[in-house]
Amino acid sequence: MSELPIKKPLFPEVNIPILEHELSDEVLEKSFSFLDLDFTTLTESDHIELALASKEATEPMVYQLLCNYDWRTRLSGANISAIRDFKGLDVLIGNLLLSNKLVYVGKSYCLALASFDTLYAKNVLSQYLAIHLTQKDCYNDSIDAMCALAYLEPTKVQSLLPQWINFSEDKKLRKLAHAQNHFERCMQHIKDIQELIVY
């Protein structure tokens, strides 16, 4: 099986810690439930299962998932972070979004940052878009970053719309309004799961 493509980072100076040991079977097992999530298709019973499963996750465990150089563990780690609201990981997840080295994970980074709703999350999304919207040949995760920033700061996104129109005019991307609607539904499901977590 061929390796997944590695994206060229636009922020090469971003330093991401890399896990120097293999993840334990216990950590991997606890992360499986969060790998292949389409939040918009979740049922009420899915919410309950994910709420229960997420209680098993700790911030140090999720840190390991995010520092493991594999899109699957990073995807799981970002999804758990969004559900558990692990705000202490906002800088790491923001740097992972900026470094942009692995495919499939960007949307989950954006969901996590939107869930955190920290000043850093808003700033890193703005920083990401300030660069990516000037790169006409670079699809990356710009639409998800636009949706996350719109969720957190609608007025900020309004000021970026001219750049977005120029960036997206020659691309077969989903319409921004449709993507925002989908993103907001994902965030509502995340909130619904969070309400079921009893500590």
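The values are calculated or read from the model by the stated rules, or taken from the named source; none is laboratory data. Everything numeric in this text was worked out from a predicted model, so none of it was measured. With ideal geometry, Cβ positions are generated from the backbone for all residues, glycine too; neighbour counts draw on all protein chains shown. The area values use the complete protein model at the heavy-atom level, side chains included, leaving out ligands, DNA and RNA. Shrake-Rupley method; radii C 1.70, N 1.55, O 1.52, S 1.80 Å.
Checking Ser115 against (1) surrounded by 16 or more Cβ atoms within 10 Å (Cβ to Cβ); (2) farther than 22 Å from Ile80 by Cβ, only one condition comes out false. Which one?
Single failed check for Ser115: (2).
Could you please find all residues in the stretch 161-195 being farther than 15 Å from His132 by Cβ, open to solvent by less than 80 Å² (accessible area, probe 1.4 Å) and either outside any helix (DSSP H, G or I) or touching a residue at least 40 places away in the same chain (Cβ under 8 Å) (or both)?
His182, Phe183, Cys186, Met187, His189, Ile190, Asp192, Ile193, Gln194
Quick check, is Glu49 without any contact (Cβ under 8 Å) to a residue 40 or more places away in the chain, of a type outside the set (Val, Ile, Thr) and not in a helix (DSSP H, G or I)?
Here the answer is no, as Glu49 does not meet what is asked.
Would you tally the residues in the stretch 22-46 being open to solvent by 100 Å² or more (accessible area, probe 1.4 Å) and not in a helix (DSSP H, G or I)?
Count: 2.
Inside the stretch 61-86, can you point out the residues that are without any contact (Cβ under 8 Å) to a residue 60 or more places away in the chain, closer than 20 Å to Thr118 by Cα and part of a helix (DSSP H, G or I)?
Val62, Tyr63, Leu66, Gly77, Ala78, Asn79, Ile80, Ser81, listed by residue number.
Are any of the residues in the stretch 143-155 crowded, with 20+ Cβ neighbours inside 10 Å, touching a Ser or Thr at 6+ places or on another chain (Cβ under 9 Å), modelled with pLDDT under 95 and over 16 Å from Glu184 (Cβ atoms)?
Checked the stretch 143-155: no residue is crowded, with 20+ Cβ neighbours inside 10 Å, touching a Ser or Thr at 6+ places or on another chain (Cβ under 9 Å), modelled with pLDDT under 95 and over 16 Å from Glu184 (Cβ atoms).
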